[in-house]
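Colleague: Below is a structure I'd like to ask you about.
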Amino acid sequence: MACAAADVSHIVRSDDYEVPIVKSGYELSPEGAFQYFYEAGNGIVAQADGVMKRVSSADEPALEVRGSFRYISPDGTPVETTYVAGEQGYVASGSHLPVPPPIPELILRGLAYTAAHQPATVEKVYKP
């Protein structure tokens, strides 16, 4: 289980601050898997599925979560994010998220050269 908290005292509230939950659901299995979804009256929608998986770096199974959420930004643009949280960390995707520029060709060639010409390790050089 996880728990999160945040100081939201700086948020400006108004009389119409409360948003009704239109739909919601939650299921939890004895093995640790879960599913949840909700839809709020202001158009925010979220869902996630979690499963216990064996990971290569641990003796115990770990939780992997796949989910998404969507909402309308203040400028009226629809925003949707999908994510996976698991062995590779938290990986989100969405058209609104920044994308790094491509790696320059010269850097790629340098990385390939370095990988192909690894220096000898101490064990290979020193033989008692």
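Colleague: Do we find that V55 is assigned to a loop (DSSP other than H, G, I, E, B) and under 21 Å from P30 (Cβ atoms) in this structure?
Modeller: For V55, the condition - assigned to a loop (DSSP other than H, G, I, E, B) and under 21 Å from P30 (Cβ atoms) - is met.
Colleague: Can you name every residue in the range 64-83 that is under 19 Å from F37 (Cα atoms) and open to solvent by 40 Å² or more (accessible area, probe 1.4 Å)?
Modeller: Answer for the range 64-83, where residues must be under 19 Å from F37 (Cα atoms) and open to solvent by 40 Å² or more (accessible area, probe 1.4 Å): R66, F69, R70, Y71, I72, P78, E80, T82.
The values are calculated or read from the model by the stated rules, or taken from the named source; none is laboratory data. This one's a predicted model, so the numbers in the text were calculated from it and none came from an experiment. Don't worry about glycine lacking a Cβ; one is built from the backbone with ideal geometry, like all the others, and counts go over all protein chains shown. Remember, those area values only see protein heavy atoms, side chains included, never the ligands or the DNA or RNA. Shrake-Rupley method; radii C 1.70, N 1.55, O 1.52, S 1.80 Å.
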